[in-house]
Amino acid sequence: MDRIQITGGKPLNGTIPISGAKNAALPLLIASLLTADRLTLKNVPNLADVNLLVRILRNHGVDLAVDGKRTGTTMHLGETFHLTARDIVDTTAPYEMVSRMRASFWVLGPLIARMRQAKVSLPGGCAIGTRPVDLHLSGLKALGAEIDIEAGYVVAKAPKGLHGAHIDFPKVSVGATHNVLLAAALAKGETLIENAAREPEIGDVAECLVKMGVKIEGIGTSTLRIQGRDRLEGAVHTVLPDRIETGTFAMAVAATGGDVVLEGAKSAHLTNALAVLTQTGTSVEETAHGIRVHRNGGAIQPISVETEPFPGFPTDLQAQLMALLTRAGGTSVIRETIFENRFMHVQELARLGADIHLHGDTATVTGVKVLTGAPVMATDLRASVSLVIAGLMAEGTTTINRVYHLDRGFEQLEQKLSRCGADIERISSG
Ligand code: EPZ
């Protein structure tokens, strides 16, 4: 198993190109199931989660061609995928695959909508809480799906096809919004989704569905009105930049000091997180090329933050912010309101000397003068990258084990950081 070794204490200076968003690329790939025509996706990041989803989609019959790189283009410019689901040959998504990545459960909606039947394993994914799927199922039932749970599988049928419905989610869910939105695109009539998640990745999927011929009102708001079609067309769509990767590198610069332009990043996608960073004493400004983040000297200011659905502070940046605050000049408070068990980085950060106390959903972080490098273990995707940030701040060498978690969601992490002066390398186990 690969490890990442970091010797901390170096500031970051330069430019980091931001990749396409993992959490938009995954549902966009799944949208290919909705049409027999070709869906072309540009700026697809090269990530383990993308590769796993491609295997699942191929199993359903999706044909994939990837554009070759031309001379002069680099990995971080993303790849162009051409996906064609002319015939869906299998409507089962097996446990062996779905249990490894939660987003693959989102094939359920499109499969029922197009094929009138689906059998999809209950999901797995990062171990950050119980993560039920009741909202997905109630939404799809409202659209007319008959659903049973059999031996760990969701078995769904809609012999007469799906129909539009009024769905008012009792809780905001990114995944349930994706699943129902994708299904509603091929449902007969109008679907109204209220209390929809407003994450930019949902807007990106909705924009792609519009290109495929679906009429959608309210994109970017919590009320989506979708006019389903009985057949969708192909389209060409570019995956939006990854706001979580952007926020992660912004926190890394705040942590080490330095001056970095996050190329291609969109500040409107993370207004709240950038405001939080500013409160810590970091300068953030929008430039023609992206977002410039700089901090030169001065203490990191302690702050209080709660995670919230978009446009609030994202749970996917909570661990990274905590790593930064371990060196603040005072005590910070972080409340995690989205997932009940998303604090697995705490004990690993403590191995570097961080002073963090947990009380239920709240972490109290008292800044320390120094972190000291140590061997640590990556536990989930965002927790793992918080250890990278802590390692960049620590004196001495930090070795992060189980880095396959990082490979699920960060493209060329070591290369992007080392080009800006970080002392970071991957040690392959051969
Ligand atoms: C998406 O997960 C993201 N995954 C997560 O990112 C992200 O942390 C999360 O949204 C919140 O922003 C992808 O986009 C692939 P939810 P998802 O449904 O859709 C509860 C990462 O690191 N809930 O919005 O699974 C749930 O338990 C990943 O990239 C129900 O109660 O999250 C949680 O408390 C990790 N019933 C809350 O809603 C349901 O049916 C929000 O979860 C569904 C969810």
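How much area per residue is accessible in the chain when the probe is 1.4 Å and only protein heavy atoms are counted (Å²)?
For the chain, the solvent-accessible area averages 38 Å² per residue.
In segment 22-238, what percent of the accessible surface is made up of carbon and sulfur (1.4 Å probe, ligands and nucleic acids excluded)? It would help to have the intermediate numbers written out before the result.
Working: 4120 of 8670 Å².
The C+S portion of the solvent-accessible surface of segment 22-238 is 48 percent.
Charge dipole (Cα centre; +1 on Lys/Arg Cβ, -1 on Asp/Glu Cβ; no other charges) of segment 22-238 amounts to roughly 240 debye. Considering only Ser19, Thr278, Thr315, the residue lying farthest towards the positive end of the dipole of the chain is Ser19, judged by Cα position with unit charges set on Cβ. Working from Cα pairs under 8 Å separated by at least six residues, relative contact order for segment 333-410 is 29 percent.
Of all lysines in the structure, those lying under 24 Å Cα to Cα from Lys22, and not within fewer than 8 positions of it along the same chain, are Lys42, Lys69, Lys171, Lys211, Lys266, Lys416.
Helix 200-211 against the longest principal axis of the chain: what's the angle in degrees, Cα atoms only, rounded to the nearest 10? The angle comes out near 30 degrees.
If you restrict to DSSP beta bridges whose two residues both lie in the chain, what percentage is antiparallel, to the nearest 5? Write out the running numbers ahead of the final one.
Numbers: 57 of 81 bridges.
Percentage antiparallel, nearest 5: 70.
Within the accessible surface of segment 252-321, defined with a 1.4 Å probe on protein heavy atoms only, the carbon and sulfur portion equals 49 percent.
Axis of helix 174-184 versus longest Cα principal axis of the chain: the two differ by about 20°, to the nearest ten degrees.
The values are calculated or read from the model by the stated rules, or taken from the named source; none is laboratory data. This structure is a prediction, so every number in the text was calculated from the model and none was measured. Note that we place each Cβ from the backbone using ideal geometry, even for glycine, and neighbour counts take in every protein chain shown. Protein only, heavy atoms only, side chains kept; ligands, DNA and RNA dropped before computing areas. Shrake-Rupley method; radii C 1.70, N 1.55, O 1.52, S 1.80 Å.
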